[in-house]
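A.B. asks: Dropping a structure here in C-alpha cells format, bear with me for questions.
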Amino acid sequence: YSYPVIKFPKNRVSKIYIPKNKIIYQYMLTTPNIVERYTPITIISKSGGIEISFQATALESGKEGDFIKVKDKNNKIFKVKLDKNGNGIL
C-alpha cells in the first residue's frame, strides 16, 4: 500500500509517466542518479590524516549510497560507494 504524496519532494523524480491532475503516490517516485554510466568521477581514499584522490570512469549509473563498479586509467575495475557529491569513496 502506498500513500499519496502531499508535497512533491525536491530530491525525487517520477519513474513512470504521470498524467496531468493525477494523484501522485510514493511508488511513482524515485531518487535520480547522481552518476551516469561511462562518466568520469573522482575517487577518494582516506587513511589517517592522508587523503588521495584520482579519476576513474563509472561503469554503472548510481544514486547516493550505491556501490558501483569503476575503472581506473590502468583498467583496474573495483567498487566504490557514492557520496552525496557523486564522488566514489574507497
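The values are calculated or read from the model by the stated rules, or taken from the named source; none is laboratory data. Here the structure is a predicted model, which is why all the values come from computation and not from measurement. Every residue, glycine among them, receives a Cβ derived from its backbone with ideal geometry; neighbour counts consider all protein chains shown. Areas reflect the complete protein model, heavy atoms only, side chains present, ligands, DNA and RNA absent. Shrake-Rupley method; radii C 1.70, N 1.55, O 1.52, S 1.80 Å.
A.B. asks: Could you list, in sequence order, the residues of segment 43-56 that are loosely packed, with under 14 Cβ neighbours inside 10 Å and among the β-branched types (Val, Ile, Thr)?
C.D. replies: Of the residues in segment 43-56, the ones loosely packed, with under 14 Cβ neighbours inside 10 Å are 45-55.
Hits for segment 43-56 are Ile50, Ile52.
A.B. asks: While we're on this one: For segment 17-42, name all the residues that are closer than 21 Å to Ser61 by Cβ, of a type in the set (A, V, I, L, M, F, W, C) and open to solvent by 90 Å² or more (accessible area, probe 1.4 Å).
C.D. replies: Within segment 17-42, the first condition is being closer than 21 Å to Ser61 by Cβ, and the residues that meet it are 17, 27-42.
Of the ones still in play, those that are also of a type in the set (A, V, I, L, M, F, W, C) are 28-29, 34-35, 41.
Correct list: empty.
A.B. asks: Against the definition (open to solvent by 40 Å² or more (accessible area, probe 1.4 Å), touching a residue at least 40 places away in the same chain (Cβ under 8 Å) and part of a loop (DSSP other than H, G, I, E, B)), how does Lys84 come out, yes or no?
C.D. replies: Values: open to solvent by 40 Å² or more (accessible area, probe 1.4 Å): yes; touching a residue at least 40 places away in the same chain (Cβ under 8 Å): yes; part of a loop (DSSP other than H, G, I, E, B): yes.
Yes: the conditions hold for Lys84.
A.B. asks: Identify, please: which residue in segment 57-78 is surrounded by fewer than 16 Cβ atoms within 10 Å (Cβ to Cβ), within 13 Å of the chain's Cα centre (by Cα) and over 15 Å from Thr39 (Cα atoms) and is, among those, modelled with the highest pLDDT?
C.D. replies: Looking at residues that are surrounded by fewer than 16 Cβ atoms within 10 Å (Cβ to Cβ), within 13 Å of the chain's Cα centre (by Cα) and over 15 Å from Thr39 (Cα atoms), I get Phe67.
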